[in-house]
Amino acid sequence: SEWSPKYPGNGHEGLTDGNHGLLETGHPAWQGYEGVDFKAMIDLGEEMNIGYLSSRYLHDPGSWVFLPHQVHYSVSMDGNLWNPIGMVH
């Protein structure tokens with residue numbers, strides 16, 4: 001998904017660069033999406049066990065920044081067949 005120009009984060013590396021945004025809307029490390037459902041695929045490059053998966057979101061209603069309604073996590077061995085492993089709402 002294409003991020004909003006208002007919240008570019010670190011561009012294409014913004015979701016996996018290890019930088020965490022501060023708890024303020026204008027912090028440059030945050031990457032934001034506006035008017036679209038966000039979808040991302042992270043290719044680890046090889047098969048491996050994953051013991052922990054997380055994502056962080058900023059919530060600042062005064063600046064019109066809201067949490068996602070739902071977050072779905074899935075894994076795939078081939079990028080075609082996806083198996084759901086969790087959902088948060």
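Packing-wise, with mean Cβ within 10 Å as the measure, how do 8-20, 35-47 rank, highest first? Please list the in-between numbers first.
Values: 8-20: 12.9, 35-47: 7.9.
In decreasing order of mean packing, 8-20, 35-47 become 8-20, 35-47.
ASP17 label point, 7 Å along Cα→Cβ, cut-off 15 Å on backbone N: hits in the range 28-43?
Hits in the range 28-43 for ASP17 at 15 Å: 28-32.
I need the calculated FRET efficiency for the pair SER76 and ALA29, taking r as the beta carbon distance and R₀ as 25 Å, to the nearest 0.05.
On the way: r = 28 Å, r/R0 = 1.12.
Calculated value: 0.35.
Throw me the Rg/Rh for the chain, computed over C-alpha atoms with Kirkwood Rh, two decimals.
Working: Rg = 14.2 Å, Rh = 14.6 Å.
In the chain, Rg relative to Rh is 0.97.
Counting heavy atoms of the protein chains only and a 1.4 Å probe, report the per residue accessible area for the range 14-89 as a whole number of Å².
On the way: 6570 Å² over 76 residues.
That works out to 86 Å² per residue.
May I ask you to give the percent of accessible area on the chain that is carbon plus sulfur, with a probe radius of 1.4 Å?
Working: 4090 of 7580 Å².
Carbon with sulfur: 54 percent of the solvent-accessible area.
Quick one: putting +1 on the C-beta of Lys and Arg, -1 on the C-beta of Asp and Glu, what dipole do you get for the chain around its Cα centre, in Debye to the nearest 20?
Working: 3 positive and 11 negative charges, 59 e Å.
So the dipole magnitude of the chain works out to roughly 280 debye.
The values are calculated or read from the model by the stated rules, or taken from the named source; none is laboratory data. Computed from a predicted model, the values in this text were never measured in an experiment. All Cβ positions, even for glycine, are placed from backbone atoms using ideal geometry, and neighbour counts span all protein chains on display. For the accessible areas, the whole protein counts, side chains as well, though only heavy atoms, and no ligand, DNA or RNA atoms are used. Shrake-Rupley method; radii C 1.70, N 1.55, O 1.52, S 1.80 Å.
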